[in-house]
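The values are calculated or read from the model by the stated rules, or taken from the named source; none is laboratory data. Just so it is clear, the model here is predicted, and its values are computed rather than measured. Cβ placement follows ideal geometry from the backbone for every residue including glycine, while neighbour counts extend to all protein chains displayed. For the accessible areas, the whole protein counts, side chains as well, though only heavy atoms, and no ligand, DNA or RNA atoms are used. Shrake-Rupley method; radii C 1.70, N 1.55, O 1.52, S 1.80 Å.
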Amino acid sequence: GKQKTRVTIDYSKCEPCKAGTCMGVCPQGIFEIDTNKKPQIINDSECTLCRICEDLCPTKAITISQK
């Protein structure tokens, strides 16, 4: 079956980074920039748990948990 993935962005830690790091590194492209220049998750069912975004987020605002 499909495992449920939860990608959480802690917006209190998320500084709109000029690089848009999570959007740039996600191989599945699950992040999209919203109107406040912050990422929003558009399709976390596509997440493969590679954790690149979690590792590379400069402010450690992203957490990935497997449910």
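For the chain, which cysteines have no second Cys with its Cβ under 4.7 Å from theirs?
Lone cysteines by the Cβ rule: Cys14, Cys17, Cys26, Cys47, Cys50, Cys57.
Taking the chain, how much of its Cα-Cα pair set, in percent, is spaced more than 14 angstrom apart? It would help to have the intermediate numbers written out before the result.
Values: 1145 of 2211 pairs.
Taking all Cα-Cα pairs of the chain, the fraction more than 14 Å apart is 52 percent.
Provide the per-residue ³J(HN,Hα) series for the range 14-23, in order, calculated from phi with Karplus coefficients 6.51, -1.76, 1.60 and θ = phi - 60°, each as a whole number of Hz, with x at glycine and proline positions.
Those phi angles translate into 6, 8, x, 8, 4, 6, x, 3, 4, 5 Hz.
Can you compute the helix-only [θ] at 222 nm over the chain? Use -39500 (n - 2.57) per DSSP H run of at least 4 residues, normalise by all residues, nearest 500 deg cm²/dmol.
Estimated from H runs of four or more residues: -3000 deg cm²/dmol.
Check Phe31: other-chain or 5+ apart residues with amide H under 5 Å from its amide H, H built from backbone geometry?
Long-range HN contacts for Phe31: Ile42.
When the chain is modelled as a GNM with alpha-carbon springs shorter than 10 Å, which of Thr21, Thr35, Thr48 fluctuates the most?
In the Gaussian network model the winner is Thr35.
What is the dipole size for the chain, taken about its Cα centre, with +1 at each Lys and Arg Cβ and -1 at each Asp and Glu Cβ, in debye to the nearest 20?
Dipole of the chain, to the nearest 20 debye: 160 debye.
With every protein chain present, what is the per residue accessible area of the chain (1.4 Å probe, Å²)?
Here the per-residue accessible area is 66 Å².
What is the set of long-range amide H partners of Lys13 at a cut-off below 5 Å, with H atoms built 1.01 Å from backbone N?
It is none; the list stays empty.
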